[in-house]
Amino acid sequence: MSENLYELLASRFPTDRSRPCFLLSDGRAISYGELEAGAAHVAGRLAAEGVQPGDRVALQAEKSAETIMAYLGVLKAGAVYLPLNSAYTQAEVDYFLGDAEPAVFVTDPPAWVAEARAHPPLATAVPRAADDLASLIYTSGTTGRSKGAMLSHGALAANALALHQAWGFTPDDVLLHALPIFHVHGLFVALHCALLSGCPMVWLPKFTDAEVLKGLERATVMMGVPTFYTRLLGNPEFTRERAVGVRVFICGSAPLLPSTFAEFEARTGQRILERYGMSEAVIITSNPLAGERLAGSVGYPLPGVELRIGGGADTGVIEIRGPSVFSGYWRMPDKTAEEFTADGFFITGDVGRRDPDGRVWISGRAKDLIISGGYNVYPKEVELVLDELPGVTESAVIGCPHPDFGEGVVAVVQGQGDEAAMIAEARRQLAAYKAPKRIVFVDELPRNAMGKVQKNLLRQRYERLFEA
Ligand code: AMP
């Protein structure tokens, strides 16, 4: 039997294909039938143009329903889908195109899909095996060259089925989709859950308060990054009544602050369901739908995922093995070998710990670990203390070159306060070597498109802070 992911998704489309898939902001809807036809024409076009199974098709464009027709058409044709962040510059795009060598590069999906309609639709999906490549996702690459994570049909299918089950999706759901679709969160996590349920999505090109507040009137599930939730909370129009029709708010791609979790619960009576994932494995752990969701914890490994803490201590680098883990980095066999253990676990680079019952807590990236005067400082531990102080919205703790200590602990704080008083308070609550030596106040912490604080930029910016 073919394991083409397209076949699995299409087998779950509603029998009545006139049912809506995309609910657009202008009031129009695009049906499952239209999605299916668009994908079939795209696949027909690719076949006519001689695109072979395994060839890459790259796409860089603004979010649209046609982009999803293109994505599904690429899968159906047996080719490999390579989405690129719409913010990438020409030089960045040149690197990805040079590395992935796609057969086709799409920049205007609506026009490209419209042209595809001139080609006869491809009736059946090109057969693929579970370990054949479905998609190539370049990691954000904050250090060194960006790497292409190879995700197979089997890996994406396994993760989609697990999430669909874990989060209790049904055909009666309506998913609010305001995420970008060049990243695993919007493209795989959110989209696949909706397609497997054959349910509609409130399809927003991006997050705006007004559109999301309106979308919540119809939605039953919302997926977002932490900044979506802080922005909603910043808007007084976001009330308990607005949230009442939503059965679950799901969050990930960056750590959700305990203060956001608490404020959200106070405002709506609902607990955000936080989960943890990455390009190399899609979703790894999730808080339970039915059981306890705890602030600051990313929950339990999904069924089939083996998760352990490397290094023998309580806290260490998370290692995982399971059906959704990627097949390696594109054309980087050495790098791939380095990041897997001898017994086949992927070394995630995230530092965390587990409770005796298996619940997982993440304390940051291994490369963000600070070594100050020979002592290890986990930034998260310091951030949790600072985030509770008056005037602090959010803090990011980094290590900066220091003449005596090697690295000195620096806190970059979004908010206001008195530097000396805050340092004194941190020293009261933490061992002296963990307390920041300097605190810098900023209006906004720099973030990437998924809301992750870019510590690499902060380290560059404050590189010379301790120079005499
Ligand atoms: P990306 O490959 O761009 O999706 O980035 C993956 C990284 O995001 C992970 O390795 C984690 O460092 C981080 N991440 C994702 N979800 C969470 C979460 N819920 N809590 C903390 N970090 C997260």
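Of note:
- Carbon/sulfur fraction of accessible area - region 369-461, other protein chains in place, 1.4 Å, %: 49 percent
- In degrees, nearest ten, helix 32-48 long axis to first principal axis of the chain (Cα): 80 degrees
- A 1.4 Å probe run over the protein chains yields, for the chain, 41 Å² of accessible area per residue, whole-number rounding.
- Dipole of region 77-162 [Lys/Arg +1, Asp/Glu -1 at C-beta], most positive-end residue of L97, A125, L84: A125
- Prolate/oblate/rounded call for region 5-360, Cα gyration tensor, a/c under 1.5 rounded: oblate
- Dipole of the chain, positive direction: furthest Cα of T348, Q165, S135, with charges on the beta-carbon: Q165
- Charge context of K63, other residues only, Cβ under 14 angstrom, K/R +1, D/E -1: -3
- Each other residue within a Cβ distance under 15 Å of Y433 adds +1 if Lys or Arg and -1 if Asp or Glu, for a net charge of +2.
- In this Cβ point-charge picture (+1 for Lys and Arg, -1 for Asp and Glu), region 369-461 has a dipole of about 320 debye about its Cα centre.
- Note on the chain: dipole from Cβ charges, positive end direction compared against A426, G234, V244; the farthest Cα belongs to V244.
- Cα centre as origin, Lys/Arg/Asp/Glu Cβ charges: region 1-151 dipole, Debye: 280 debye
- Sparsely packed GluC sites (Glu not before Pro) within region 214-275, loop by DSSP, other Cβ within 10 Å at most 15: E217, E237
- Relative to the longest principal axis of the Cα atoms of the chain, the long axis of helix 153-166 lies at roughly 70 degrees.
- Placing +1 on the Cβ of every Lys and Arg and -1 on the Cβ of every Asp and Glu, with no other charges, gives the chain a dipole of roughly 300 debye about its Cα centre.
- Degrees, to the nearest 10: 90-100 long Cα axis against longest axis of the chain: 70 degrees
- For region 425-468, the list of GluC sites (Glu not before Pro) that fall in a loop by DSSP and count at most 10 other C-beta atoms within 10 angstrom reads E444, E467.
- ³J(HN,Hα) computed for each position of region 335-350 - Karplus, 6.51 cos²θ - 1.76 cosθ + 1.60, integer Hz, glycine/proline x: 4, 4, 4, 4, 9, 10, 7, 4, 9, x, 8, 7, 8, 5, x, 8
The values are calculated or read from the model by the stated rules, or taken from the named source; none is laboratory data. As the structure is a prediction and not an experimental result, all values here were calculated from the model. Neighbour counts are summed over all protein chains in view; Cβ atoms, including those assigned to glycine, are modelled from backbone coordinates with ideal geometry. Areas reflect the complete protein model, heavy atoms only, side chains present, ligands, DNA and RNA absent. Shrake-Rupley method; radii C 1.70, N 1.55, O 1.52, S 1.80 Å.
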